[in-house]
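The values are calculated or read from the model by the stated rules, or taken from the named source; none is laboratory data. Here the structure is a predicted model, which is why all the values come from computation and not from measurement. Note that each Cβ is placed from the backbone with ideal geometry, even for glycine, and that neighbours are counted across all protein chains shown.
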Amino acid sequence: MLLLYVMKTKLYIGLVGSLASGKGVVADYFIKQYGFVSFSLSYMVHNELKVKGITSFTRKTLQDIGDNLRAKEGEEVLAKRAVMMLKADGGSKVIIEGIRNPGEVNYLKTLPNFVLIAVGATRPVRYERVIQRGKPWDPKDWNSFVVVDSRDHRDEGNANGQHVKKCMDMADYQIENNKDLSHLYDDIQNIVSTIAKKHKAFKEVLT
């Protein structure tokens, strides 16, 4: 008897953007509307904290850990580790968050079915969101936010650092999220329609 094993095609949508730009909301939209699952590259960084026994940390701590991993194992290390884990997982539709270095984008773009969406918003809007969400490792005042945000956007002179702006420039699609949820959902849906038309592998899933 001949047994046929059908491998599901893996679909990856990457999300990159500034701090508190709304990436999580975009991810939730794909999760709820289209059955995607979400995986953040920052999981690798948080896992490294656990290995080192670090329980109290700030946004700067997370940035430093990520930089050190990229310095030791290459700029693509977080993306590479993530894809290895995801390939072993049964999920076929994956949102990848926490992209912060061009090396990660370059690696992810080698995947057969990968598109990258950038989510942006003005700094004042994002600062208000940071204060409202109140994550324990987030900055608590404007000046601290600017320092962390500037490093996140462009860590000058450090190829292994955060370069979110460069990553956003490498995106296939752009969203500017300065308004309400209704406007954001409209923008997402417009991009969904375009992806379904341009990328055959996504068509059945997104229509």
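Note on the stretch 132-188: residues that are under 24 Å from Gly103 (Cα atoms) and among the basic types (Lys, Arg) total 4. Is the stretch 86-99 home to any residue that is surrounded by 18 or more Cβ atoms within 10 Å (Cβ to Cβ), of a type in the set (Asp, Glu) and free of Cβ contacts under 8 Å to residues at least 60 places away in the same chain? Looking for residues that are surrounded by 18 or more Cβ atoms within 10 Å (Cβ to Cβ), of a type in the set (Asp, Glu) and free of Cβ contacts under 8 Å to residues at least 60 places away in the same chain, one finds none in the stretch 86-99, hence no.
Checked against (1) within 29 Å of Ile65 (Cα to Cα); (2) touching a helix residue (DSSP H, G or I) at 6+ places or on another chain (Cβ under 6 Å), Thr207 passes all but a single condition, namely (1).
For Val16, indicate whether it is closer than 21 Å to Val205 by Cα and in contact (Cβ under 8 Å) with a residue 24 or more places away in the chain. Answer is no for this residue. What number of residues within the stretch 70-79 satisfy the criterion of being surrounded by 18 or more Cβ atoms within 10 Å (Cβ to Cβ) and not aliphatic (A, V, I, L, M)? Looking only at that region, the number is 3.
So which of Lys80, Lys32 is under 22 Å from Lys203 (Cα atoms) and assigned to a helix (DSSP H, G or I)?
Working: Lys80 fails: under 22 Å from Lys203 (Cα atoms).
Matching residue, one of Lys80, Lys32: Lys32.
Restricting attention to the stretch 43-64 and to residues that are closer than 24 Å to Lys87 by Cβ and touching a Leu at 6+ places or on another chain (Cβ under 7 Å), the residue that is surrounded by the fewest Cβ atoms within 10 Å (Cβ to Cβ) turns out to be Glu48. The number of residues in the stretch 107-153 that are over 20 Å from the mean Cα position of the chain (by Cα) and of a type in the set (Gly, Ala, Ser) comes to 1.
Please find, among Gly103, Gly35, the residue that is within 24 Å of Lys165 (Cβ to Cβ), of a type in the set (Gly, Ala, Ser) and within 18 Å of the chain's Cα centre (by Cα). Show your work before the answer.
Working: Gly35 fails: within 24 Å of Lys165 (Cβ to Cβ).
Criteria check complete, one pass: Gly103.
Among the residues of the stretch 159-184, the one identified as surrounded by fewer than 15 Cβ atoms within 10 Å (Cβ to Cβ) and modelled with pLDDT under 95 is Ala159.
How many residues does the stretch 35-74 hold that are more than 30 Å from Val205 (Cβ to Cβ), aliphatic (A, V, I, L, M) and assigned to a helix (DSSP H, G or I)?
Taking the stretch 35-74 and keeping what is more than 30 Å from Val205 (Cβ to Cβ), we get 48-74.
Subset that is aliphatic (A, V, I, L, M): 49, 51, 54, 62, 65, 69, 71.
With assigned to a helix (DSSP H, G or I) added as a condition, the list becomes 49, 51, 62, 65, 69, 71.
So the answer is 6.
Scanning the stretch 54-73 for residues that are within 14 Å of Asn160 (Cβ to Cβ) and either over 18 Å from the mean Cα position of the chain (by Cα) or of a type in the set (D, E, K, R) (or both) turns up Asp64, Asp67, Asn68, Arg70, Ala71, Lys72, Glu73. The residues listed here are Val6, Val37, Val25; of these, the one that is within 23 Å of Asp186 (Cβ to Cβ) and either modelled with pLDDT under 95 or surrounded by fewer than 18 Cβ atoms within 10 Å (Cβ to Cβ) (or both) is Val25.
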